Amino acid sequence: MNRKPSMSSSQATMLGAQLRRRKSIANMITESQTNAGAGQLRRTLGMWQLTMISVGATMGTGILVILGDTVPVAGPAIWISFVIAGITALLSAVSYAEMAGMVPVSGSSYSYSYATMGEGIAWICGWCLVLEYAVSVAAVAVGAGQYVNETLRTFGMELPQMLAGGPAEGGVVNLPALIVIALATLLLVRGARESAIVNSIVVAIKAGILIFFSIVAFSAFDAGNFEPLLPMGAAGVTAAASSVFFSYIGFDAASTAGEEAKNPKRDLPRAIMLSMLIVTISYVLVAVSAIGAREWNWFEGAQAPLVQIVGELTGRPVFVLIFAVAAVLAIASVVLTVLYGQTRILLAMSRDGLVPPVFGKVSARTGTPVAGTWITGILVAITAGFIPLGALADATSIGTLFAFALVGASVMYLRKTQPKAERTFRVPLYPITPILGILACLFLMSQLGWHTWAVFIIWMIVGAAVYLGYGRRRSRLGQMTKQEYAATLADEK
């Protein structure tokens with residue numbers, strides 16, 4: 001009768017040891033270069049293309065899709081919410097920049113956590129990234145339906161309600177969302193270089209329409225629209241900041257391209273920081289011009305508010321048509337680049353044995369994880385077609401904030417354990433910056449509603465079950481002997 005508790009204790013000890021096992025950075029780089037039997041990704045992306053991946057994955061989501069939901073929460077101070085969220089993202093971005101230069105492989109914060117805090121935390125981070133990338137793709141794609149309808153209205157038409165939204169929105173399926181995701185998936189399967197070229201073109205269009213909107217909106221600017229600045233108080237501003245943080249998700253997309261960058265140690269940090277600068281300036285500019293053009297109460301329940309403002313101020317359907325079409329392309333750009341990041345996260349996790357090997361198989365012809373991309377695209381398309389935007393956006397934010405906090409912790413760990421390691425970018429004002437980044441992420445997490453936390457906790461429970469039932473048994477690191485494991489960490493000594 002005493003044997004059963006003893007066995008349970010032994011199993012717990014073994015599990016604890018496996019959860020703490022780390023992968024060395026050198027071992028990760030070696031695996032990315034060999035990856036026997038699964039194929040290798042191709043290094044085709046330069047610094048500008050990496051920057052456009054981050055900008056493409058980020059710019060447009062909050063402005064084009066959820067502005068109408070967040071202005072009523074913060075009032076005219078919505079631009080302050082964007083600043084708060086932007087500062088929080090920047091504090092994490094500098095940590096990402098340092099880690100991306102040190103760990104130039106696919107996997108982003110999942111790989112960084114594996115190299116610092118062990119398999120258990122890495123799995124949690126990877127599971128959060130699955131929530132971040134896959135669900136944010138679906139959430140953004142849902143917004144495409146609104147702009148497709150705005151385009152059709154210029155011709156006196158409109159999508160039937162059954163095809164314009166999922167069941168929670170009074171329809172059957174969000175057909176535009178399904179189409180956008182299908183096209184993005186098809187393009188990603190063809191190759192990373194082709195996808196990057198298309199994305200760069202679309203990002204240029206996206207920047208153009210936001211500049212055009214700002215010019216139009218400032219032509220009707222009324223400073224009185226900013227009074228009172230805080231009708232919902234400071235609590236409304238911070239609550240909106242937690243939601244619009246969703247708008248900054250994507251700057252880390254470049255870090256998932258570590259194995260496809262021509263010079264990752266130099267270009268990844270530069271791309272991450274440059275993309276943050278571009279996105280933050282664009283968001284604040286558009287938010288200020290939008291509030292200047294319309295009173296904050298006007299945004300209550302507004303569908304595709306930017307295109308509505310353009311239509312009302314110009315009175316010309318042709319401008320509405322151009323803006324709406326460009327907005328759909330902008331949303332498609334986000335879908336393309338974030339879906340790209342998701343497939344690379346799953347590739348890294350598959351390489352470690354934590355998810356099925358199908359996600360790690362790279363086509364010799366295209367240099368992309370074809371099967372994994374199709375599987376991911378199909379699952380995300382189903383999600384986008386049937387789940388409402390609000391629930392998706394908030395669930396995405398909490399998983400992202402948690403992953404960002406882990407990156408800050410990873411920087412601090414490596415600064416302590418490997419202080420002399422090569423760093424092509426160093427976090428300024430260390431250790432204040434990563435500590436502030438971690439605290440800011442935790443604060444914004446605390447501002448999210450209880451239903452969002454409920455979704456997050458359920459997601460974590462499901463993740464724990466998947467790891468214990470599948471990942472733990474197939475983990476490549478967990479299958480090593482103590483001697484083999486020690487050998488992989490020899491480079492750190």
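What the table shows:
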read-out: Whole-Hz ³J(HN,Hα) from phi, Karplus 6.51 cos²θ - 1.76 cosθ + 1.60, for the range 83-90, glycine and proline x; value: 5, 4, 5, x, 5, 4, 5, 5
read-out: Structure-based [θ]222 nm, the chain - -39500 (n - 2.57) summed over DSSP H runs of at least 4, per residue, nearest 500; value: -23000 deg cm²/dmol
read-out: Residue order, fewest to most beta carbons within 10 Å, for R344, R472, R266; value: R266, R472, R344
read-out: Potential extension, K482-K262 segment - 0.36 nm per residue separation minus Cα distance; value: 75.7 nm
read-out: Highest-first arrangement of 208-221, 360-373, 319-332, where packing means the average Cβ count within 10 Å; value: 319-332, 360-373, 208-221
read-out: Which of M117, M102, M157, M349 has the fewest Cβ neighbours within 10 Å, and the rest in rising order; value: M157, M117, M102, M349
read-out: Tilt relative to the chain, helix 264-293 - C-alpha long axis, 0 to 90 degrees, to 10; value: 30 degrees
read-out: The range 98-204: chymotrypsin sites (Phe, Trp or Tyr not before Pro) falling in loop per DSSP and having at most 11 other Cβ within 10 Å; value: F155
read-out: Rough spin-label spacing in nm, given labels placed 7 Å along Cα→Cβ, for W374 and I205; value: 2.7 nm
read-out: Near-label residues of the range 89-117 by backbone N, under 17 Å of a point 7 Å along Cα→Cβ of L442; value: 89, 91-92
read-out: Folded to 0 to 90 degrees: helix 119-153 orientation relative to the chain principal axis, Cα; value: 20 degrees
read-out: Descending Cα extents along the principal axes, the range 203-252, whole Å; value: 37, 35, 9
read-out: Fully extended contour minus Cα-Cα distance, from V318 to N297, at 0.36 nm per residue; value: 4.9 nm
read-out: Farthest positive-ward along the range 43-486 dipole, Cα basis, beta-carbon charges - from H451, L406, V148; value: L406
read-out: Order of L178, L15, L339 - criterion: other Cβ atoms within 10 Å of each residue's Cβ, fewest first; value: L15, L178, L339
read-out: Extended-chain gain in nm, criterion 0.36 nm per residue less alpha-carbon gap, D222 and F155; value: 21.0 nm
read-out: Degrees between helix 192-218 axis and first principal axis of the chain (Cα, 0 to 90, nearest 10); value: 40 degrees
read-out: Computed E for A235/A26 - FRET, C-beta separation, R0 45 angstrom, nearest 0.05; value: 0.40
read-out: Rg [Å, one decimal], Dmax [Å, integer] - the chain, C-alpha atoms; value: 22.5, 83
read-out: Estimated FRET transfer efficiency when R0 is 41 angstrom, pair I215-R473 (beta carbons, to 0.05); value: 0.10
read-out: The chain: relative contact order in percent, alpha carbon pairs under 8 Å with at least 6 residues between; value: 32 percent
read-out: Net charge over other residues, Cβ less than 14 angstrom from the Cβ of G341 (K, R count +1; D, E count -1); value: -3
read-out: Computed over the range 200-292: relative contact order in percent, which uses C-alpha pairs under 8 Å that are six or more apart; value: 51 percent
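Every number here is computed from the coordinates shown, using simple stated rules; none is lab data. Please read these numbers as outputs of a predicted model, since none were measured by experiment. No Cβ is skipped: glycine too gets one built from the backbone with ideal geometry, and neighbour counts run over all protein chains shown.
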